[in-house]
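For reference, the structure is listed below as C-alpha cells.
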Amino acid sequence: MIQSMTGYGKSVLQLPSKKISIEIKSLNSKNLDLNTRMPSLYREKELGIRKLIASKLERGKVDFSLYMEITGEETSTQINKTVVKQYIKQLKAVVDGDETELLKMAIRLPDAVTTERDEMDEDEWEAIAAEINTALDKIQQYRLDEGKSLESEFFDRVKNIADLLDEVIVMDPERIEGVRERLHKGVAELKEKVDENRFEQELVFYIEKFDITEEKVRLKNHLDYFISALKSDDSNGKKLGFISQEMGREINTIGSKSNYAPMQKLVVQMKDELEKIKEQLLNVL
C-alpha cells in the first residue's frame with residue numbers, strides 16, 4: 001500500500017514541572033529534508049531523533065518541533081540578591097530616589113539575574129522519547145490514510161486511460177481504412193495509370209508506418225503493471241513514476257502516428273489523465 005508524504009502527528013506529555021509538546025509535519029520532497037527545533041536542554045539527543053525520524057518517514061520535507069512549557073513552581077532563573085543590593089547602594093550615591101524605582105533600575109543591570117543550566121534527567125527523557133514515537137505513529141497513520149485516498153484516485157485515472165485505449169482500439173481499423181481511401185483518392189485525382197500491384201505494395205509500406213499495434217499492446221501492459229505495482233507491498237512513488245513515464249512514451253507515439261483527428265482527441269484525453277497521475281505521484285512516498 002502506498003503512503004503519502006503529507007502528514008501530521010502531535011503528542012503532549014505532562015511531567016511534574018513541565019509540559020512537553022511534540023509536533024511532526026511533513027510535505028513532499030525528493031529526499032529527506034529534516035528541520036528540528038527543540039530546547040537547548042535536549043540538543044544532545046538531536047542526532048538520535050534525526051536517525052529515528054529518517055528510519056520511520058524515509059522521505060519528505062519534515063519539520064520536527066519539541067516545545068517545553070514550565071508548569072511547576074520551580075524555576076532555573078534566580079535573582080542575584082548580593083549584586084542587586086550593591087547596585088541599589090551605588091545608585092543611591094548618585095541619585096535620591098524611591099526604593100522601588102531604584103530596584104527596577106538595578107534588576108535590569110548586568111548579572112542581576114542568573115540562570116542555572118538544567119541537567120537532563122534520563123528517566124524524563126525516556127518518557128519524552130516514548131511520546132516522540134507516539135507522534136511518529138500518528139503521522140505514519142496520517143500518511144497511510146492519505147495514501148488510500150491517492151490510491152483510489154490512481155485506480156480511477158488508470159481505468160479512464162484504459163477505457164480511452166479501448167476506444168482507440170475500436171477506432172483503429174476505421175482510421176487505417178480512412179488512410180487507404182485518401183491515398184486511392186489522391187492517385188485517382190492524378191488521372192495517371194499506375195501499376196496496381198506496385199501501388200498496393202507501396203500502400204502496405206505506407207500504412208505500416210502508421211501502425212500502432214505495438215504501442216497499444218505496450219500501453220496496456222504498462223497500465224496493468226502500474227496497477228500491480230500499486231497493490232504490491234513495496235509500492236513507492238519513484239517506481240510508479242518510472243512506469244508512468246513509459247505510459248507517456250506510448251501515448252505520445254500513438255498520438256504522433258495516428259494522423260486521424262478523432263483518435264488524436266482520445267490521445268489528448270489520455271495525456272490529461274496521465275498528467276494528473278504524475279502530479280499526484282509527487283506526493284507518494
If exposed GluC sites (Glu not before Pro) are those in a DSSP loop with at most 11 other Cβ within 10 Å, what is the longest stretch of the chain that has none? 193-285
Sort out for me the Cα centre separation of the stretch 39-68 from the stretch 138-158, rounded to whole Å. 25
Evaluated at q = 0.09, 0.11, 0.14, 0.17 Å⁻¹: base-10 log I(q)/I(0), Debye formula over Cα of the chain: -0.68, -0.82, -1.01, -1.20
Among 57, 82, 71, the residue whose Cα sits farthest towards the positive end of the charge dipole of the stretch 14-106, when +1 is placed on the Cβ of each Lys and Arg and -1 on the Cβ of each Asp and Glu, is 57
Counting only complete DSSP H runs, which helices of the chain cover 15 Å or more along their long axis at the Cα atoms and score a mean Kyte-Doolittle of -0.5 or above? 46-57, 81-94
Long-range amide H partners of residue 284 with built H, under 5 Å: 5
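Going down the table (30/257; 138/271; 159/239; 25/51; 159/209), which pairs top 25 Å between alpha carbons?
Those over the limit are 30/257; 138/271; 159/209.
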FRET efficiency estimate (nearest 0.05) - Cβ-Cβ, residue 232 to residue 171, R0 35 angstrom: 0.60
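Laboratory data are not the source of any read-out in this text; all were calculated from the coordinates shown. Computed from a predicted model, the values in this text were never measured in an experiment. We place every Cβ from the backbone using ideal geometry, glycine too, and count neighbours over all the protein chains shown.
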